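None of the figures in this text is laboratory data; all of them are computed from the coordinates on show. All values derive from a computational prediction rather than experimental measurement. Using ideal geometry, Cβ is built from the backbone for each residue, glycine included, and neighbour counts are taken over all protein chains shown.
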Amino acid sequence: MNTQDQIYRDLQKHLDSPTGGFPAAASGADIRLLKHLLTPEEAKIAAQLSTVKLEPVKTIYKRVRKSGMPMSIEELQRKLDQMVYKGTVLAYKEGYKEKHYKNASGAAGGMIDFQVDRLSKDLVEDIDKYHEEIFAARGRERTPRTARIPELRTIPVEKSVLLPEKYLVRTYEDVRWLVENSPGPFSVANCICRQMKDLRGQNCKYSDLRETCLQIGPDHARQYLDMRIGRSITKEEVFSLLDKFEEAGFILMPENSQRPENICCCCGDCCGVLGAALKSPKPADLYATNYYAEVDAKLCKGCGTCVQRCQLQARVLVDGKATVNLDRCIGCGNCVITCQSNATRLRKKDEELVPPKDRDDTIMRTLSNKLGKWNMLKLRLRMRLGLRV
């Protein structure tokens, strides 16, 4: 391995440890992605940033100087701000006297998503390859459902949860409650997956809509607005867009927390994550979801609308009646709202998965599961001492 490749391999290992956010790919797609997004100098700087904790420039500068990179603290801040604009580093100022920085996560939901409106064909090919390898591997895992923190979550579209179960819906399963109770700001961005599809010369078969990624603040929306890849919208506009997304049959995929700040509205035709999950024998294992579809065979007329509507091939007609493959059903509810005979409805699973409280809680619980109690204590100590984590 040459010196430049080693720089990127060191960064990949750092981004993957301890959160597991950017696993290595056998094809080398992970390194190719990093080369697309960061110069060698930026990769060296990113290797000195925390993957977990927001830190001020002066803390980062100590590590950068110790690593042998000759630059002033002012130059470092300029480079960090440039990396923020490129979507490889996150910066926050609210609640602090000065800007604090940390690495954006390496995979879906992080620096890859921040490349919306900045795509090239080569980058698209490597993103596709990486998603295919990593999510297929996770689909083969046999970790018990209640013993892990999935990266992916879906919540049912509003009209699919019928009375009396509507009274049992948790706030974190109600997209309109999440929006109504968000402090804002709100923004919407083009979907990077649909842009990738367009770049390949293919059209989404579900909709012509492209602005389908919602940021419901405060941190995530500001990040998108600062990077100029998001458009500021009102709460009322968010509700209007959700109506359009439901009509199109999009799956609502918020980040896995009770207070998500990002909601992707996805289809299996375009979404890289859904597309990778589709190739798994058990897509349901990849998602934190508390619902599944069931069919009353006596009411089913075998029209096949649910089969066409399902994004994950969970619906099949058998002997003229609709069935549900529970290994593939992620409980999105899109088949329910178009069932003219009312034969399909959502049911809650016996074991309810309660999402982490917020994004920080998601990160810390993921760390705890991965590292164990003793290593978690050591990690917290490193964070208190200002060491890189």
**Request:** Scan (1) surrounded by fewer than 18 Cβ atoms within 10 Å (Cβ to Cβ); (2) basic (K, R); (3) within 23 Å of G333 (Cβ to Cβ) for the single condition R200 breaks and write down its number.
**Result:** (3)
**Request:** Can you tell me which residue within the range 208-228, out of those that are closer than 21 Å to C267 by Cα and out of contact with any Lys or Arg (no Cβ under 8 Å at 6 or more places or on another chain), is surrounded by the fewest Cβ atoms within 10 Å (Cβ to Cβ)?
**Result:** D208
**Fill in**
Sole miss for K378 among (1) of a type outside the set (A, V, I, L, M); (2) more than 25 Å from the chain's Cα centre (by Cα); (3) farther than 24 Å from Y292 by Cα; (4) surrounded by 18 or more Cβ atoms within 10 Å (Cβ to Cβ) is condition (4)
**Prompt:** If the Cβ limit is 7 Å and pairs must be 6+ apart or interchain, which residue in the range 56-84 that is within 12 Å of E42 (Cβ to Cβ) pairs with which residue that is of a type in the set (K, R) and assigned to a helix (DSSP H, G or I)?
**Reply:** M69/K44
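Any idea which residue in the range 18-58 is farthest from K93 (Cα to Cα), counting only those that are of a type in the set (S, T, Y) and touching a Ser or Thr at 6+ places or on another chain (Cβ under 8 Å)? First the steps, then the outcome.
Just the residues of the range 18-58 that are of a type in the set (S, T, Y), to begin with: 19, 27, 39, 50-51.
Those left that are additionally touching a Ser or Thr at 6+ places or on another chain (Cβ under 8 Å): 19, 51.
Numbers: T19: 23, T51: 17 Å.
The extreme case among them is T19.
This table checks each residue for (1) touching a Gly at 6+ places or on another chain (Cβ under 8 Å); (2) closer than 30 Å to E132 by Cα.
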{"position": "L15", "(1), (2)": "yes, yes"}
{"position": "A25", "(1), (2)": "no, yes"}
{"position": "L37", "(1), (2)": "yes, yes"}
{"position": "P56", "(1), (2)": "no, no"}
{"position": "I60", "(1), (2)": "no, no"}
{"position": "G68", "(1), (2)": "no, no"}
{"position": "L80", "(1), (2)": "no, no"}
**Total residues in the range 306-334, condition within 13 Å of D296 (Cβ to Cβ) and surrounded by 21 or more Cβ atoms within 10 Å (Cβ to Cβ)** = 2
**Message:** When you scan the range 201-216, do you find a residue that is under 17 Å from the mean Cα position of the chain (by Cα) and in contact (Cβ under 8 Å) with a residue 60 or more places away in the chain, even just one?
**Reply:** yes
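Condition check ((1) assigned to a loop (DSSP other than H, G, I, E, B); (2) more than 23 Å from the chain's Cα centre (by Cα); (3) farther than 19 Å from G386 by Cβ) across all residues:
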| residue | (1), (2), (3) |
| --- | --- |
| A26 | yes, no, yes |
| L33 | no, no, yes |
| A43 | no, no, yes |
| Q48 | yes, yes, no |
| K53 | yes, no, no |
| T59 | no, yes, no |
| M71 | yes, yes, yes |
| A91 | no, no, no |
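In the list L387, L312, which residue meets the criterion of being part of a loop (DSSP other than H, G, I, E, B), without any contact (Cβ under 8 Å) to a residue 24 or more places away in the chain and either within 30 Å of Y61 (Cβ to Cβ) or under 26 Å from the mean Cα position of the chain (by Cα) (or both)?
Details: L312 fails: without any contact (Cβ under 8 Å) to a residue 24 or more places away in the chain.
Matching residue, one of L387, L312: L387.
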